[in-house]
Amino acid sequence: MHRMKNYTHFFMSAPKGCRFTHVTAPLKREHVSASLTAARLFSPGDLEDAEPDYSFSCYSQLEVNGSQHLLRCAFDDPDVNSTHLGFEICDGLLVAGCLNFIKLQEIYFIETNKFLLIGDSKICVKLGQRILTCRKMNIVHIVKPEAPFDVRVIYREEANDFVVTFNTSHLQKKYVKNLIHEVAYHQEKNEHDWMHVNLSSTKLTLLQRKLQPDAMYEIKVRSIPTDYYKGFWSEWSPSFHFRTPEAKGPGKMEPVLLIISILSFFSVAVMVILAGVLWKKRIKPIVWPSLPDHKKTLEQLCKKPKKNLTVSFNPESFLDCQIHKVDGIQARDEVESFLQDTFPAQLEESEKQRLGGGVQCPNWPSKHAVITPKTFRGDASLRCLAGNVSVCGTPVLPSSRSPECREGGKNGPHVYQGLLLGPGTTNATLHPPFPFQSEILTLNPAAQGQLLLTPLGSNQEEAYVTMSSFYQNQ
Amino acid sequence: MFHVSFRYIFGIPPLILVLLPVASSDCEIEGKSGEEYQHVIMVSLNDLDRIRENDSNCLNNEPNFFKKHSCDDDKEATFLKTAARKLKQFLKMNIHEEFKLHLSIVSQGTLKLLNCTRKDKEKKQPSLGEVQPTKNLEEKKSSKGQKKQDEMCFLMILLEKIKTCWNKILSGTKEH
């Protein structure tokens, strides 16, 4: 009732020449049927005499041809007999009065630059000079943009994405410049599975991982005005088709890169093996040369006898030994005389054994070890009593004798055992298994392992020097 | 004394009622949001500047028109209405069609947005030659080309004043 009351009042106030007029149609409704108003006023039985439906819809396109605008209208009902029907637009123009549309088949349009683009206009359907129906519209609220064009898709392999670009004529227009573009794409085999993306610029990036590999895609674009100008979606742009590349395997690599990686691996493996094999003998001595340790070297030189032989430079090992200062020259003379007197018989026996056996000390050097007289000087000399051989070990040097020779007692080297018997050693008895000759013992570098040197007290430095020079010669 | 009170009671109030509409503005600015101005009128103003940018040989003398009409506070609508009507006179000049089109948009668009309720009988606007009476004698002496040049200079100043007044209205709206 309320609605009928309003319509009734409206009908009565219709201007002369109009059967009825409409209040401004809602902006979102494209199709406002003027005749529906009449239908509501009458009962269903009276519809047979009702006026035909002259509802129409319009849209505008601004600056389609330079500064010329286009306004296009058409009846919603295709069955309307539009033979003598016409359209006109009034208000909202730069000129006084109204402008008539041009009819082209069933379409009515007007192309002009006389639109004010501010305020509402009134578009009427007229039969001759008689106005049938009118509709108030705002030209800037029914804008339909031109369709975008030149859609292109470029694949960027380095970025693994697709760059979609398109063009629109509205970029060069003065009025309708701000548009919202809708990009729609789908896999061609999925006809209805469209993806939509809205953007305000003319460039879009699609990630490759979001698309199916080795598939054919179709993409298209359309636009709609925004901000001050409002209206409808444009027509879709021509579609563009593109194919996505095949998916790369998880371990797929380029052949060149594969060969290089294999060669690098084997090279590294060979280098590691060689480094491990040659580390001890070749690499480490160069990288980390070991400094000579004289004590250890001497210990190595003095091979431990099998029995009770202690070779050490630790003075504590010789606490049981009595250390007496010896005059080198006197000692030598005494030893010579002592030896000549004491062991002549033993010497003959040993010589016989030696000569008989014909055994040579295998490792006996051809040269003779020499102990310089200097070695017999000094404040202290180490002597060992025969009874304390177990503690002191065999002194020695002049035992340039091999353990076998010593034990065998048969074939001994002709050595001069410049030993070292002092006054305090009366009880000491030595059993030189070999005959001694007053020969100078020379230190033979070749007999490093066989020689035993007596470190003579104060001449340690000289022995040390000798030893170091010995080591250097080595 | 009784007569005096009658005079004040029945004389002055009607006088106030008569004078009140004159003092108040009869135009209401509808386009205070600035959308219509920014997307339609300003486009035409910029095009007019572009068309006339090469012709800027204008004197700095401000015509008398602007001494009478200015975009003062609370008088913006009145000034715009006057200026918009003044623009219509230039449509009769022999000027380029595109120039006329943009002049029409500025003129009628401004009037549309002002939504003046009282349709004043458009007073016959003095012709462009009478706008500056002080120059009337000078125009007689100058050539027609100089006359046209002066009119164009006046037009450019008028358009600049209209633009300034619109910006003043819209900036004042934004502040509120």
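Here the condition is being hydrophobic (A, V, I, L, M, F, W, C) and modelled with pLDDT under 85; of A:I260, A:I224, A:I283, A:I273, it holds for A:I283 alone. Of all the listed residues (B:L111, B:L155), the sole one being over 15 Å from B:Q38 (Cα atoms), within 14 Å of chain A (Cβ to nearest Cβ) and at pLDDT 80 or above is B:L111. If the condition is being in contact (Cβ under 8 Å) with a residue 60 or more places away in the chain, assigned to a strand (DSSP E or B) and not hydrophobic (A, V, I, L, M, F, W, C), then region A:53-84 contributes A:Y59, A:S60, A:Q61, A:E63, A:H69.
Answer with yes or no whether A:G92 is over 60 Å from the mean Cα position of the chain (by Cα), surrounded by fewer than 16 Cβ atoms within 10 Å (Cβ to Cβ) and within 14 Å of chain B (Cβ to nearest Cβ). Judged against the criteria, A:G92 is not a match.
Okay, residues lined up against (1) touching a Ser or Thr at 6+ places or on another chain (Cβ under 9 Å); (2) in contact (Cβ under 8 Å) with a residue 40 or more places away in the chain:
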| position | (1), (2) |
| --- | --- |
| A:F87 | no, no |
| A:C90 | yes, no |
| A:V125 | yes, yes |
| A:T133 | yes, yes |
| A:K144 | yes, yes |
| A:Y155 | yes, yes |
| A:V163 | yes, yes |
| A:F166 | yes, yes |
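Scanning region A:151-193 for residues that are outside any helix (DSSP H, G or I) and either within 14 Å of chain B (Cβ to nearest Cβ) or in contact with a Leu (Cβ under 6 Å, 6 or more places away or on another chain) (or both) yields A:D161, A:F162, A:V164, A:K173, A:K174, A:Y175, A:V176, A:K177, A:N178, A:L179, A:H181, A:V183. The sole residue among A:H196, A:H241 that is without any contact (Cβ under 8 Å) to a residue 24 or more places away in the chain, not in a loop (DSSP other than H, G, I, E, B) and not acidic (D, E) is A:H196. Can you name the number of the only condition in (1) in contact (Cβ under 8 Å) with a residue 60 or more places away in the chain; (2) open to solvent by less than 20 Å² (accessible area, probe 1.4 Å) that A:I110 fails? Status for A:I110: all satisfied but (1). Do we find that A:E235 is closer than 30 Å to A:I142 by Cα, open to solvent by 80 Å² or more (accessible area, probe 1.4 Å) and either over 40 Å from the mean Cα position of the chain (by Cα) or modelled with pLDDT of 85 or more (or both) in this structure? Against the criterion (closer than 30 Å to A:I142 by Cα, open to solvent by 80 Å² or more (accessible area, probe 1.4 Å) and either over 40 Å from the mean Cα position of the chain (by Cα) or modelled with pLDDT of 85 or more (or both)), A:E235 qualifies.
If you go through region A:120-166 and keep only what is over 40 Å from the mean Cα position of the chain (by Cα), modelled with pLDDT of 95 or more and more than 30 Å from B:L113 (Cβ to Cβ), you end up with A:A147, A:P148, A:F149, A:D150. Looking at region A:116-125 only, could you name the residues that are more than 14 Å from chain B (Cβ to nearest Cβ) and open to solvent by less than 30 Å² (accessible area, probe 1.4 Å)? Hits for region A:116-125 are A:I123, A:C124, A:V125. A:P292 meets each of the listed conditions (1) open to solvent by less than 100 Å² (accessible area, probe 1.4 Å); (2) within 38 Å of the chain's Cα centre (by Cα) apart from (2).
The values are calculated or read from the model by the stated rules, or taken from the named source; none is laboratory data. Just so you know, these numbers come straight off a predicted model, no measurement behind them. No Cβ is skipped: glycine too gets one built from the backbone with ideal geometry, and neighbour counts run over all protein chains shown. Side chains included, ligands, DNA and RNA excluded: accessible areas come from the protein's heavy atoms. Shrake-Rupley method; radii C 1.70, N 1.55, O 1.52, S 1.80 Å.
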